[in-house]
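> One structure, pasted below without further comment.
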Amino acid sequence: MNDKPWHLDRRTMLKGMGVCCCLPFFEAMAKTTGQTTQPRRLLNLYVGNGVSLPHKKFTKIRDDWHWFPHAAGSDYKMTKVMEPLKAKRDQFTIFGGLSHPKSRPLLGHTAGDSWLTGANVGGEYRNTISLDQVVAEHYKDETRYSYMNLSTDGGTGYRGRATTLAFDRNGQPIPAENDVRGIFERLFQIDNAKSLKARKIELQKKRRVVDLVLQDSRRLKKNLGKADQQKLDEYMATLRDLEARIERLEAWQNIPMKKFDSSHLDLSVTLKSPKEYIRSMCDLMVLGFETDITRVANYMLVREDNLGLGSKFSTVLFGFPDHHGMSHGKSEKNYKEWATYDRFLIEQLDYLLQRLTDAKDEHGPLLDNTLVFYGSSNSTYHNARNYPLILAGGKNMGLKHGRYMKFDENKENLSNLFVSMLNALDVPTERFADSKGNLDQIFKA
Amino acid sequence: MNRGRGLPVLALLALTATAVLGESDAGFPNTIQPIFAKYCADCHGKEKQKGDIRFDKLDPDIVHGKDAETWQLVLDQLNLGDMPPKKAKRRPKDSERRALVNWLTASLKEAAELKRKDVRVVMRRLTKEQYTNSLRDLLKLDLNFGQDLPPDGLSVDGFKNNGEEQVISLLQTEYFMTIAERALKKAIITDTPPVSYRYSFKFGSGINKDPRPKDDRKSGAREVPVSTRDHTVVTSENRHVGTAASAFVVNDFGQRSYPDLRGARNKRFSIEQDGVLLKPAIPHVERGDFIWLTPMPSLKLHLRDFPMEGDFVLRVKVARADAKNEASPYLRACIGEWLDHGEDYETLERSVKVTGTLDKFQTIEFRGRLENFPVPIYDPEKKDIATMIVVGVWNDAMARDESVKGPAIIVKSMEFECGHVGAWPPASQKHILIASKHSGTEAVYSREVIQNFMNRAFRRPATREEVDAYHGLWKSLRPDCASFEQSIRETLVSVLCSPNFLYLVESPAPPAAAPNTITEHQLASRLSYFLWNSMPDDRLLKLAEQKQLRDKLPAEIDRMIKDPRSGDFVTAFCEQWLQMEKMTHTKVDVRKFPRFNRFVRDDMLRETRLFFAEVLHKDMSIMNLVDADFTMLNQNLAQFYGINNVKGGQFRKVTLADDAKRGGLISQGLFLTGNSNGKEPHPIKRGAWLISRILDDPPPPPPPNVPRIDEDDPAVAKLSIKEQLKRHRENPSCVDCHSKVDPWGLLLENYNAVGLWTHRDGAAEATLPSGKTLDGVDALKQYILNEKNEQFTRALVQHLLRYALGRSLSFTDRAAIDEIVKQVEKDNHRLQGLLRAMITSPLFSGK
């Protein structure tokens, strides 16, 4: 499958050590391979319904509470909304002017489906693979799970109002999970003997099927002319890849979970206490990176429109109208409330970034090897342009921060940023969706 | 046209096709060599060899010599205008440069043609469509199994089944396995008995004496509810299908089901005593943004509790509202998904004439399989269906706008049954788990079942050794399977992943004889994948088994063309030959052309398919494809074209008036729209399409590094296409090629970007490369019929051969092709005759 000695080593070692292989295994392996295997990770965090951009006539509120800073560059002044991130100023970049051209004519809520895909989701809906899934596919053999996909509402939602950020290669939505305890048990407590045995049998059967097809192919090959033999070789190579993949999955079944400390994790949270719930979801993603069970995580904190549970958080927490309702408001009071809620969400982003800084692996703080992408597909009320976006972390991938970068939407598509992000994540990419180039300015001071 | 860019030089060469042989090398010493000597030798001669190029040492015999690749580079430089460099003392005159370009182009084309002698015949993988159709015929389940497979790439000739150029990836192999697992789960059902659901709605003013206070409805844009007083809902389920206890029992799904006329305007419908009155529906106007609805008005059932798969039947009780109105109303149905911002749905193919009267209502049935429609997805987290399914009907005597009255219908009731409909166990299961006296003895029966399936899947008798191997797998899987059915299912997955199923093996075992030798079984597959785009049926396999197929070819061809599966040939061949799929990608400016919408576009696709099918089934002359006095239309497309008196959604043959401008493929909306940019006609695209598809004389690919016309550039966007074209032609390095392409497209200038006739005098006049000046589409068709008649025949034969054989053609095929063309001409160009000549030719059926 792969010529990296890394994989082979792992397999060889496993065979030698059997089921009892001990815990420091991964660190040991990481040490022997050094900096080259420093994992790169991606975390996407979505908040629907846009942000408060107070109308010009409310000068004071606009000055203080406008989500976007009022001037671009590295000496930009944070408004009250961004203040929770003050201490981390050199850890993130704010983007202005970016959006997906195909979604610009759409009702902003519909554009949520295309946040990570850049696809055409209006008219004849044709969604395509999302950014996280491209990364997940690239790294799927390196970790136990190729991605973690969370959302406050869970499931897939429906076309135009997805409750997931992830879409597969055929543009089909990938269901998200929202039950904190359930996620923890499924992803982190995997050493349950009964289900382990069932999984092993399934994989074993699958391997037998592939073995037989390979055997059949070899028989056929003997009776073919040379050109056909070469053609058949191409197919057999994919079968061998498949076999190797099944073997790797089998190998994972024999590796016990890395030891971790989950004492800080509150599994009893419910949606009735939004702040605790959001933080537990963030903790789960951080734990996933800490234990290196995955390199990719999504969390759709608030879905679009008023249908979701996330839309109610503003009412539960502050007694404001629901999030979607606020996005329709036009009064001074409303803009202020909405911005106050925006600030609350930024506080949660700060919490996440802090947790990623505190959690360390052998390469240092996780945040330095993680891209955290935060934002919405609406700038404000139903407007699918000029997305409010923040990119944080990734110091070790060459990202330069501390700026508000503003772009002309006629020149830069959001997909251009995705191209640069993918390359930062070591997923060599020339094009993503409708990209017309890259946004490599993020690597330049 | 841009396909070849970035390919290695030889691949570029291979892109050019029919060559004019033997006319290019004569003038070399007198006309060509002096030009090179005069302008190039200083830097690329005895003294200096810049870029390692030395003209006096290059072999002037491009066709047979070894320097073709270098000459291609020379041509590229000339086309780019890069050589000789701008600062050179002397630069060639335009006429000289043109002489060089023409000589190089012709010679390189010839060289490419010769090169094709080496065309390799390589076994081909089933295309996505062939795979889907094969599973359908093998499992007796009409489902789009292959829809998740990655799309097949196109060969240089535009076909998907060219073995040499097909690629395969791990992703594809993983899909083959997943799809096989899924398909066999549907074919062999272990959780018995299945459940049937039934949703019955009756309509009429005030018929519900005990109305619910409120519907359990979602709120979306433009809802038009049917009052709870004006309808009744009863839903029921049958959990014992196929057993003695089989019966429908009322359940509580009705609580969550309701009818609606979302999007309808008041004037177009009313609630009457006998039901809901629907006037002819008006298609939704495409705005390219967020709302999309069914034609309005449509009466739509909204169901929330719902199986996601299985057969369905929709029964609609309907009558004509006004017996005096002479026009016939039609009924059409759709199935889809409710969305906040509209509906996502597929229309059922059938449009049924409404003949019932108020005294005697008529019941119309529509059948299908849920998986083939965009039904809502199941949300595994919530264990619920993400949104609602929409089952709608409308009056298909479609109206252009509110002013059209037309014949109204009254819908009295709608009943939707789904999950399982029909006999139990289903045909698919009986077909795999065959009747046998050994069915009680697993060890023996399993072998019979597996062998029977393998024979059909491999399209030939499986050898003893092969059956042993697969049966061995079954033995190893059986202990880990809960039931016999499951063990069979899991074993058969491997049969569907075997290369013996996925590939069409045609080459003999070495050291067998000539390349044209194929076995009778291989011939059966070649024939059925050609004429049906699917696997051979029992009869073909039986004839092959008896070694009689080759002798009975004419009768079998005849039978196969009459079989409905030949529709899959028409669809697949036309799609690839005429690039139909690509044609649907044009994003039409709906503000400029508000009447163009997806119904029109889809009907354009149907027009072309049905037109070709008509020529085939009525065994007409292929010259009808160039110009015909008929086309295939339904009301919607006819109205769009401005042709009156075609009523109803059903397609039919329509005889065209002399000035209709719609005869033949060239005049069909699909290609005129597909080869436009959505705002204006695009003569380059139209011209290139015409010469490559209709005349099989594709233009050479543009020289490397020629910048694409950037339509997003505001400076360019301001110019009309004609102006862009003019600007392009001013560049001397472009004009040579374009003078061979553009005139063909310019002759179609009287059709606008969506293919409507907009005559302007002189707009469509152009001079063809032959020097002949023509004016307009009629002259063009006459020219092809009279002067390019043989070329068109040959073109169609060649396209069909590439498709049928799954390979490019080479020089060595020439004689056989000549023979086929001769026969076709003798047989008055009839299409069936052409297919017979082709199939019985040694090229196809070998020895």
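The values are calculated or read from the model by the stated rules, or taken from the named source; none is laboratory data. Here the structure is a predicted model, which means the values were calculated and not measured. Positions of Cβ are backbone-derived with ideal geometry, glycine not excepted, and every protein chain shown enters the neighbour counts.
> Residue check, B:E448 against (1) within 30 Å of B:R239 (Cβ to Cβ); (2) part of a helix (DSSP H, G or I), all met but one. Which one?
Tallying (1) within 30 Å of B:R239 (Cβ to Cβ); (2) part of a helix (DSSP H, G or I), B:E448 fails exactly one: (1).
> While we're here: Among the residues of region A:190-207, how many are modelled with pLDDT of 85 or more and either in the same structural domain as A:I293 (by TED's automatic domain parsing) or of a type in the set (K, R) (or both)?
Number satisfying all stated conditions: 6.
Here's the yes/no breakdown for (1) without any contact (Cβ under 8 Å) to a residue 12 or more places away in the chain; (2) surrounded by fewer than 18 Cβ atoms within 10 Å (Cβ to Cβ); (3) part of a helix (DSSP H, G or I):
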{"position": "A:E337", "(1), (2), (3)": "no, no, yes"}
{"position": "A:E347", "(1), (2), (3)": "no, yes, yes"}
{"position": "A:L352", "(1), (2), (3)": "no, no, yes"}
{"position": "A:R355", "(1), (2), (3)": "no, no, yes"}
{"position": "A:D368", "(1), (2), (3)": "no, no, yes"}
{"position": "A:Y374", "(1), (2), (3)": "no, no, no"}
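> If we keep just the residues of region A:74-108 that are touching a His at 6+ places or on another chain (Cβ under 7 Å) and within 14 Å of another protein chain (Cβ to nearest Cβ), which is surrounded by the fewest Cβ atoms within 10 Å (Cβ to Cβ)?
Out of the qualifying residues, it is A:L107.
> Taking the residues in region B:452-482 that are among the charged types (D, E, K, R) and under 39 Å from the mean Cα position of the chain (by Cα) as candidates, determine which candidate is nearest to the other protein chains (Cβ to nearest Cβ).
Here the answer is B:E466.
> I need the full set of residues from region B:416-445 which are in a helix (DSSP H, G or I), of a type in the set (A, V, I, L, M, F, W, C) and touching a residue at least 40 places away in the same chain (Cβ under 8 Å), in order please.
Correct list: B:A427, B:I432.
> Does at least one position in region A:251-274 carry a residue that is buried (at least 22 other Cβ atoms within 10 Å of the Cβ), touching a helix residue (DSSP H, G or I) at 6+ places or on another chain (Cβ under 9 Å) and either within 14 Å of chain B (Cβ to nearest Cβ) or of a type outside the set (A, V, I, L, M) (or both)?
Yes, that holds for at least one residue.
> Out of all the residues in region B:59-86, which are assigned to a loop (DSSP other than H, G, I, E, B) and more than 13 Å from B:W103 (Cβ to Cβ)?
Those that are assigned to a loop (DSSP other than H, G, I, E, B) and more than 13 Å from B:W103 (Cβ to Cβ): B:D59, B:H64, B:G65, B:K66, B:D67, B:G81, B:D82, B:M83, B:P84, B:P85, B:K86.
> While we're on this one: Counting just the residues of region B:288-323 that are surrounded by fewer than 19 Cβ atoms within 10 Å (Cβ to Cβ) and under 22 Å from B:I271 (Cβ atoms), which one comes out nearest to the other protein chains (Cβ to nearest Cβ)?
Top of the filtered list is B:R315.
> So A:T143 passes all but one of these: (1) surrounded by 20 or more Cβ atoms within 10 Å (Cβ to Cβ); (2) out of contact with any strand residue (DSSP E or B) (no Cβ under 8 Å at 6 or more places or on another chain); (3) within 13 Å of chain B (Cβ to nearest Cβ); (4) farther than 23 Å from A:L309 by Cα. Which condition number does it fail?
Here A:T143 clears every test but (3).
> Going through A:Y381, A:Y404 one at a time, which residue ends up being out of contact with any Pro (no Cβ under 8 Å at 6 or more places or on another chain) and hydroxyl-bearing (S, T, Y)?
Checking each option against the conditions leaves just A:Y381.
> Within region A:398-408, is even one residue buried (at least 21 other Cβ atoms within 10 Å of the Cβ), in a loop (DSSP other than H, G, I, E, B) and touching a Gly at 6+ places or on another chain (Cβ under 6 Å)?
No: region A:398-408 contains no residue that is buried (at least 21 other Cβ atoms within 10 Å of the Cβ), in a loop (DSSP other than H, G, I, E, B) and touching a Gly at 6+ places or on another chain (Cβ under 6 Å).
> Can you say whether A:S327 is crowded, with 18+ Cβ neighbours inside 10 Å, out of contact with any Asp or Glu (no Cβ under 9 Å at 6 or more places or on another chain) and in a loop (DSSP other than H, G, I, E, B), as far as the supplied structure shows?
no
Okay, residues lined up against (1) assigned to a helix (DSSP H, G or I); (2) of a type outside the set (D, E, K, R); (3) surrounded by 17 or more Cβ atoms within 10 Å (Cβ to Cβ); (4) touching an Asp or Glu at 6+ places or on another chain (Cβ under 6 Å):
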{"residue": "B:D157", "(1), (2), (3), (4)": "no, no, yes, no"}
{"residue": "B:E174", "(1), (2), (3), (4)": "yes, no, no, no"}
{"residue": "B:T178", "(1), (2), (3), (4)": "yes, yes, no, no"}
{"residue": "B:P193", "(1), (2), (3), (4)": "no, yes, yes, no"}
{"residue": "B:S200", "(1), (2), (3), (4)": "no, yes, yes, yes"}
{"residue": "B:K209", "(1), (2), (3), (4)": "no, no, no, no"}
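> List the number of the failed condition for A:S99; all other conditions in (1) within 25 Å of A:L349 (Cβ to Cβ); (2) among the polar types (S, T, N, Q); (3) touching a Ser or Thr at 6+ places or on another chain (Cβ under 7 Å); (4) assigned to a loop (DSSP other than H, G, I, E, B) hold.
(3)
> Can you find, within region A:117-136, the residue that is surrounded by the most Cβ atoms within 10 Å (Cβ to Cβ) among those that are part of a helix (DSSP H, G or I) and either outside the structural domain of A:R40 (by TED's automatic domain parsing) or of a type in the set (A, V, I, L, M, F, W, C) (or both)?
A:L131
> Checking the structure you have, find out if any residue of region A:412-428 is over 20 Å from the mean Cα position of the chain (by Cα) and within 26 Å of A:S103 (Cβ to Cβ).
Within region A:412-428 (the criterion being over 20 Å from the mean Cα position of the chain (by Cα) and within 26 Å of A:S103 (Cβ to Cβ)), the answer is yes, since at least one residue qualifies.
> Then there's this: Quick one: which helices (runs of 4 or more DSSP H) lie wholly within region B:477-592 and hold at least 3 residues that are not assigned by TED's automatic domain parsing to the domain that holds B:M177?
B:520-531, B:538-545, B:553-562, B:566-577, B:580-583
> Another one. What's the number of the only condition in (1) within 11 Å of chain A (Cβ to nearest Cβ); (2) free of Cβ contacts under 8 Å to residues at least 24 places away in the same chain that B:V493 fails to meet?
Going through the list (1) within 11 Å of chain A (Cβ to nearest Cβ); (2) free of Cβ contacts under 8 Å to residues at least 24 places away in the same chain, B:V493 breaks only (2).
> I'm trying to understand the selection: among the residues of region B:581-599, which are surrounded by 15 or more Cβ atoms within 10 Å (Cβ to Cβ) and either farther than 19 Å from B:R686 by Cβ or at pLDDT 95 or above (or both)?
Matches in region B:581-599: B:V590, B:R595, B:N597, B:R598, B:F599.
> Oh, and also: Looking at B:E237, is it within 12 Å of chain A (Cβ to nearest Cβ) and acidic (D, E)?
Spelling it out, it is not the case that B:E237 is within 12 Å of chain A (Cβ to nearest Cβ) and acidic (D, E).
Residues are listed down the side, and each one gets a yes or a no for (1) farther than 23 Å from B:V122 by Cα; (2) touching a residue at least 12 places away in the same chain (Cβ under 8 Å); (3) among the hydroxyl-bearing types (S, T, Y); (4) not in a helix (DSSP H, G or I):
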| site | (1), (2), (3), (4) |
| --- | --- |
| B:G771 | yes, no, no, yes |
| B:V777 | yes, yes, no, no |
| B:L780 | yes, yes, no, no |
| B:R794 | yes, yes, no, no |
| B:Q798 | no, yes, no, no |
| B:I817 | no, yes, no, no |
| B:Q823 | yes, yes, no, no |
| B:R836 | yes, yes, no, no |
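> Within region A:175-227, how many residues turn out to be under 30 Å from A:R303 (Cα atoms) and either part of a helix (DSSP H, G or I) or within 11 Å of another protein chain (Cβ to nearest Cβ) (or both)?
14
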